[in-house]
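Report on one structure; see the data block that follows.
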C-alpha cells in the first residue's frame with residue numbers, strides 16, 4: 001500500500017489524483033460491508049464499478065450496479081454504496097466541486113457509529 005491508502009471499517013481507499021477542482025479515488029469494499037448513508041454540500045461524485053456487485057442507495061431508492069456501470073451522485077443527494085456479494089467490490093470515485101475534505105460528509109446512518 002502507498003502512503004495515500006486509507007483504511008476504514010468497510011475496507012480501504014487510495015487517492016489516485018487530486019487538485020483544487022477534483023479528487024479521484026479507488027475504493028475497495030469488503031464483502032458484507034457498506035459505507036455510511038451520507039451527503040455532501042460541496043462536491044458531486046461519479047462512481048465507475050470495476051469489479052464485484054455494488055448495492056447502491058440514492059435518496060432512498062436501492063439498486064444494483066455491475067462492472068462497467070456508473071452512478072452519479074449530485075450535491076446534497078443522500079447516497080450509500082455497499083457490497084452484499086462474496087467478492088471485493090472495487091470502484092473508482094471521481095469527485096468534482098469546490099471542497100473535498102472528510103468534514104463535508106454528513107452521515108445520516110453509519111454501521112460503525114462514526
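Read-outs throughout are calculated quantities, based only on the coordinates presented, and are distinct from any laboratory measurement. These numbers were taken from a predicted model, which means no experiment stands behind them. FYI the Cβ positions are ideal-geometry reconstructions off the backbone, even for glycines, and counts take in every protein chain you see.
Side notes on the structure shown:
- If a spin label sat at a point 7 angstrom from the Cα of residue 111 along the line to its beta carbon, the backbone N atoms of segment 71-95 nearer than 16 Å would be those of 79-91.
- Note on 80, 34, 12: ascending count of other Cβ atoms within 10 Å places them as 12, 80, 34, the fewest first.
- Sorted by Cβ neighbour density within 10 Å, fewest at the top, the residues 89, 108: 108, 89
- Descending semi-axes in Å of the chain, equivalent ellipsoid built from Cα gyration tensor: 19, 17, 14
- Within the chain, DSSP assigns beta bridges of which about 100% are antiparallel (rounded to the nearest 5).
- Placing a pseudo-label 7 Å from each Cα along the Cα-to-Cβ vector at residue 15 and residue 77 gives an inter-label distance of 2.5 nm.
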